[in-house]
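The values are calculated or read from the model by the stated rules, or taken from the named source; none is laboratory data. Here the structure is a predicted model, which is why all the values come from computation and not from measurement. Neighbour counts run over all protein chains shown; Cβ positions are idealised from the backbone, glycine included. Areas reflect the complete protein model, heavy atoms only, side chains present, ligands, DNA and RNA absent. Shrake-Rupley method; radii C 1.70, N 1.55, O 1.52, S 1.80 Å.
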Amino acid sequence: MCGIVGYIGYRDAYPIIVKGLQRLEYRGYDSAGIALYDGTDINLSKTKGKVEDLRNKSKSTISLEGNLGIGHTRWATHGVPNDVNSHPHYSNSGDLVIIHNGIIENYESIKKALTERGYTFTSDTDTEVLVNLIEEVQKTEDVMLGQAVQIALNQVVGAYAIAVFDIKKPDEIVVAKLGSPLAIGIGENEFFIASDASPFIEFTNNAVYLKDEEMAIIRLGKEIKLRKIQNDAVAYPNILELQMNLEEIEKGGYDHFMLKEIYEQPRAILDTYRGRLLADQGLIKMAGVDQNLEKFLNANRIIIVACGTSWHAGLVAEYIFEDLARIPVEVEYASEFRYRNPVITDKDVIIAISQSGETADTLAAIKLAKEKGAFVFGVCNVVGSSIARETDAGAYTHAGPEIGVASTKAFTTQITVLTLLALKLAKEKGEFSESQFHEVLTELETIPSKVKKALESNALIEIIADVYKDSPNCLYLGRGYNFPVALEGALKLKEISYIHAEGYPAAEMKHGPIALIDEQMPVVVIATKKGHYEKIVSNIQEIKSRKGKIIAIVTEGDEQVTQLADHVVEIPETSESLSPLVTTIPLQLLSYHIAVMRNCNVDQPRNLAKSVTVE
Ligand code: M6R
């Protein structure tokens with residue numbers, strides 16, 4: 001989704017903004033632009049394409065001077081990706097310039113009214129309508145920019161994070177947020193604006209995350225004050241000290257963020273359970289759960305809402321909660337849940353899973369569940385994100401920043417948090433004896449080293465990738481706990497290599513997908529020893545007799561599947577309930593290598609955004 005960067009202070013704004021936009025590239029975009037105030041004029045450059053294209057274009061077309069500027073990466077919603085539709089957008093007078101992430105739903109009626117008043121529009125965007133609405137308010141109400149923004153925003157329906165400045169008042173930038181993220185970095189006599197903290201983390205660790213319906217007038221030499229958009233209530237900003245560091249958001253010697261993040265998983269999983277899992281004391285400590293234990297224990301059922309990879313983590317959790325804690329679970333796509341008038345009561349516990357904590361559909365599902373009186377628990381990675389704030393309680397995954405659009409460490413750390421939660425509830429409900437509990441906790445502690453071992457198959461997986469890199473289709477099969485892993489493996493392949501891939505429960509194959517199998521079809525089968533092994537062996541036989549090519553993920557020392565499959569990747573033995581944390585690793589590596597071999601943009605796949613902040 002769109003990325004926003006802004007700067008006001010004493011440094012050159014241009015390099016900060018361009019570098020910041022590059023840090024936000026992971027969000028997904030199709031065009032980029034920048035507007036700088038050089039002390040006299042606003043210099044604006046924008047282009048379809050990458051930030052690098054913007055850099056090349058701006059160098060030869062505009063002055064790069066100035067200590068005030070705003071920049072944007074656009075992910076098209078209204079209007080095709082082209083130079084004109086890219087942000088920033090001027091108002092008709094040329095005095096105001098704006099960047100916007102989100103959608104103004106009623107822009108057509110506003111555009112019509114403004115057109116009747118003589119306004120003209122060069123782009124097809126809703127954003128150009130908004131900046132002209134602000135200008136119209138400024139004129140008709142004779143108010144300063146901050147007030148004009150506030151009045152205008154009260155007339156729009158939709159979602160936004162905006163930054164706007166006025167050439168007549170070049171010591172301030174006005175920002176506002178509803179539904180899309182916006183952070184303000186606070187330095188010494190300088191301010192930074194961005195969709196997340198990565199563009200400014202090398203300059204300051206102090207940041208304010210705007211809440212929904214908040215705006216701020218960021219003025220040089222003044223303290224930040226937040227204001228409600230609907231009324232004039234003033235809020236004092238909660239200045240957070242960020243823990244993120246520069247190293248975490250750079251590639252650290254890896255060719256791609258995705259590969260770096262795959263390799264970070266042993267550490268990320270450990271960080272997720274560190275301080276929570278106390279195997280020697282037979283304890284799991286999770287503050288957000290401990291404080292709300294009765295809600296969980298008295299729940300009629302747990303409903304998990306999420307999208308994409310996070311939904312797959314929710315499916316794994318369904319197996320864990322039902323199998324180990326004996327709590328009924330439903331797993332819902334947030335986008336469906338929010339619109340289908342679900343039956344929810346105050347005896348339901350909702351778990352919302354989201355890496356970014358900003359996914360619009362998941363946020364809407366949370367709001368709906370809260371309105372119906374349910375207790376909502378969040379599992380997020382990004383600290384201070386909208387979902388983390390909207391939920392009644394929660395647990396962070398502590399994966400560290402995930403920059404690659406394809407989620408990897410987010411998935412395994414989400415499963416880790418959900419496993420801890422399920423085990424804790426199982427223990428509280430008396431589903432485990434002390435010794436069983438101790439055994440499973442001890443096994444969880446071995447997972448980082450097992451993931452490390454699984455990563456050692458990288459070279460072998462690269463060879464397998466080379467064999468199948470040109471296949472047009474691929475099937476992924478798994479059973480039980482590993483059915484969601486098959487779904488996730490297929491999602492990883494299709495999103496970064498653009499190969500059509502499907503995940504299925506292995507036993508469902510004979511109800512349809514088996515018709516697809518011939519000598520051209522690679523089938524990735526998760527066939528580990530624990531969990532329906534003999535059944536999976538039969539499924540593999542069925543594929544083999546139709547000449548499908550079998551890539552099997554097996555337990556170390558496996559003989560039976562090894563004899564049948566065309567390729568095997570061995571992973572260390574684990575209990576069935578913890579196996580998704582390990583079986584997913586070879587699938588991530590396979591999709592990574594295939595995408596690299598197909599010259600695909602691994603970290604920024606076409607059409608995709610890291611956090612989907614529009615519905
Ligand atoms: O930030 P979220 O976890 O809420 O994002 C949900 C999906 O957009 C996300 O999991 C997406 O499917 C993955 N990036 C795909 O790898």
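Being surrounded by 13 or more Cβ atoms within 10 Å (Cβ to Cβ) and more than 18 Å from the chain's Cα centre (by Cα) is the filter; apply it to segment 240-250 and report the residue that is farthest from residue 264 (Cα to Cα). Ranking the candidates gives 240 first.
So which residues in segment 127-165 are acidic (Asp, Glu) and crowded, with 24+ Cβ neighbours inside 10 Å, if there are any at all?
Going residue by residue through segment 127-165, those that are acidic (Asp, Glu) are 128, 135-136, 141-142.
If the condition is that a residue be acidic (Asp, Glu) and crowded, with 24+ Cβ neighbours inside 10 Å, then 128, 135 are the ones that fit.
Among residues of segment 107-131 that are more than 20 Å from residue 81 (Cβ to Cβ), those with a beta-carbon under 6 Å from a residue that is outside any helix (DSSP H, G or I) and of a type outside the set (Val, Ile, Thr) at least six positions away or on a different chain give the pairs 119/92. Looking only at segment 251-277, how many residues end up being open to solvent by less than 40 Å² (accessible area, probe 1.4 Å), assigned to a helix (DSSP H, G or I) and of a type outside the set (Phe, Trp, Tyr)? So the answer is 11.
Could you check, for segment 222-237, whether at least one of its residues is more than 16 Å from the ligand (Cβ to nearest atom), assigned by TED's automatic domain parsing to the domain that holds residue 407, surrounded by 15 or more Cβ atoms within 10 Å (Cβ to Cβ) and touching a residue at least 60 places away in the same chain (Cβ under 8 Å)? Looking through segment 222-237, none of the residues is more than 16 Å from the ligand (Cβ to nearest atom), assigned by TED's automatic domain parsing to the domain that holds residue 407, surrounded by 15 or more Cβ atoms within 10 Å (Cβ to Cβ) and touching a residue at least 60 places away in the same chain (Cβ under 8 Å).
Restricting attention to segment 364-383 and to residues that are under 14 Å from the mean Cα position of the chain (by Cα) and open to solvent by 10 Å² or more (accessible area, probe 1.4 Å), the residue that is farthest from the ligand (Cβ to nearest atom) turns out to be 383. The residue that is farthest from the ligand (Cβ to nearest atom), counting only those in segment 320-360 that are without any contact (Cβ under 8 Å) to a residue 40 or more places away in the chain and among the hydrophobic types (A, V, I, L, M, F, W, C), is 343.
You will find that of 508, 495, 502, the residue that is farther than 10 Å from residue 590 by Cβ, outside any helix (DSSP H, G or I) and either without any contact (Cβ under 8 Å) to a residue 40 or more places away in the chain or within 25 Å of the chain's Cα centre (by Cα) (or both) is 502 and no other. If I filter segment 468-486 for residues that are under 27 Å from residue 606 (Cα atoms), touching a Leu at 6+ places or on another chain (Cβ under 6 Å) and hydroxyl-bearing (Ser, Thr, Tyr), do I get at least one hit? Checking segment 468-486: not a single residue is under 27 Å from residue 606 (Cα atoms), touching a Leu at 6+ places or on another chain (Cβ under 6 Å) and hydroxyl-bearing (Ser, Thr, Tyr).
Per-residue answers, yes or no, for (1) under 25 Å from residue 53 (Cβ atoms); (2) aliphatic (A, V, I, L, M):
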| site | (1), (2) |
| --- | --- |
| 105 | no, no |
| 125 | yes, no |
| 134 | no, yes |
| 139 | no, no |
| 146 | no, no |
| 152 | no, yes |
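Considering only residues that are part of a loop (DSSP other than H, G, I, E, B) and either touching a Pro at 6+ places or on another chain (Cβ under 8 Å) or within 16 Å of the ligand (Cβ to nearest atom) (or both), which ones fall in segment 278-313? 300, 307 - these are the residues of segment 278-313 that are part of a loop (DSSP other than H, G, I, E, B) and either touching a Pro at 6+ places or on another chain (Cβ under 8 Å) or within 16 Å of the ligand (Cβ to nearest atom) (or both).
Of all residues in segment 338-364, those satisfying the criterion of being out of contact with any helix residue (DSSP H, G or I) (no Cβ under 6 Å at 6 or more places or on another chain) and of a type in the set (Ser, Thr, Tyr) are 339, 345, 356, 359.
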